[in-house]
Amino acid sequence: MLLVNNSGFGSYGEFPAPGVARNLEMIDLNVRAVVHLTGLLWPDLRARGGVVANVASLAGYQPTPLMTTYAATKAFVLNWSVALDAEARPHGVRCVAICPGPVSTNFSKAAGFASSTGLGGQSAEACAEEALDAMAAGAPERVTGLRHRLLSVLSARLPKPWAAAIGLRMIRRLRLDRLLKPAD
């Protein structure tokens, strides 16, 4: 049995942008839905064995200013998935956190950008291929893309205040705010 939790969205801007209600919707989808769906299928997974693949993010490895709620939800998914894998392994269930960086999808549009951020990113196909490799290998987590793996190792080892300060500086340099859709 295979469960893939791949729904989610992010936002960009200083908290509470794009609004407290939207941040709470993000928490509900990115965190609550993952736990809820996994919990609903847990009896079948334990009875039959299987894999739970949860899509986290490279952002889950560090506090990410201007994407605060999104990064925090993905940190939850990452840590919850790795812990669940350790807990579930004796029952024949594996769990893997898939942690991509930018992927060529509609994420930018859902995050409130009028157009692509120009950050490029990995193709969805390449990301899915790495996810399948991680599942086959029984890995509890996989950062997709070599460059992203290196970034995750570096950012996870920095003191969190340093990672946040460096991240804020790097994100501001990208000037992503110029790509935001005008507020309704």
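Read-outs throughout are calculated quantities, based only on the coordinates presented, and are distinct from any laboratory measurement. Predicted, not measured: the structure shown is a model, and the values here were computed from it. Positions of Cβ are backbone-derived with ideal geometry, glycine not excepted, and every protein chain shown enters the neighbour counts.
Below is a table of values for the structure above.
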item: Cut-off under 5 Å, modelled amide H: who pairs with Ala53 long-range; result: Leu3, Val4, Asn5, Val96
item: Within the range 134-155, backbone nitrogen closer than 17 Å to the virtual label 7 Å beyond the Cα of Ala83 toward Cβ; result: 140-141
